[in-house]
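See structure below.
We did not get these values from a lab; they are worked out from the coordinates using the rules stated. Computed from a predicted model, the values in this text were never measured in an experiment. Neighbour counts run over all protein chains shown; Cβ positions are idealised from the backbone, glycine included.
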Amino acid sequence: MERLNAYAPQHSRLFKEACTSIRIRDAMGIKTTVQMIIVASPSKPFVYTAKMTARRQAILKDYDPEINALYDAVEKSSQVDIPIPAEWTPSQSLEYVRHVLHKVMTQKVADDVDIFQYGCDR
């Protein structure tokens, strides 16, 4: 995925969490949007109807363990370890945003850079 993202334009990059958006709440009760991907396995090919449309319910049943494992992983990866500021002063807000960006991105960036140029466009 990293090699693909190095080649792909920013608007079409894939992330390990990309594809279907869900809303979760972390331990503090804050809603977060998480996006996810599951790659189909050759050993579990999709089932099709006579008209060659995917049999959605059959596919969901076949991939139920993988889907549940992905939701479990998302739940475990919520960012509860980043403390929410007691007061949203400019300095505490800036520190909070720095902490979140440094955790989410694969590299640290300076405060004055355009984070979208570093691939933070989701």
Can you list the residues, at least 5 places off or on another chain, whose amide H is less than 5 Å from the amide H of Arg55, using H built in the peptide plane? Val47, Tyr48, Thr49
On full extension of the chain, what length is gained from Ile59 through Leu4, given 0.36 nm per residue of separation minus the C-alpha to C-alpha distance? 17.2 nm
Burial-style ranking of 94-102, 43-51, average other-beta-carbon count within 10 Å with highest first, yields 94-102, 43-51
From phi via Karplus (6.51, -1.76, 1.60), per-residue ³J(HN,Hα) for region 114-119 in Hz, x at Gly/Pro: 7, 5, 5, 6, 9, x
If you take the charge dipole of region 83-122 about its Cα centre, with +1 on Lys and Arg Cβ and -1 on Asp and Glu Cβ, which of Gln107, Ser91, Gln117 is farthest toward its positive end? Gln107
Residue-ordered couplings for region 47-52, obtained by feeding phi - 60° into the Karplus form 6.51 cos²θ - 1.76 cosθ + 1.60 and rounding to whole Hz (Gly and Pro as x), are 9, 10, 7, 4, 8, 6
Taking 0.36 nm per residue of separation and subtracting the Cα-Cα distance, what length does fully extending Val109 through Phe46 add? 18.5 nm
If you plug each phi of region 95-105 into the Karplus form 6.51 cos²θ - 1.76 cosθ + 1.60 with θ = phi - 60°, what whole-Hz ³J(HN,Hα) values come out, in order, with x for Gly and Pro? 5, 5, 5, 4, 4, 5, 4, 5, 6, 6, 7
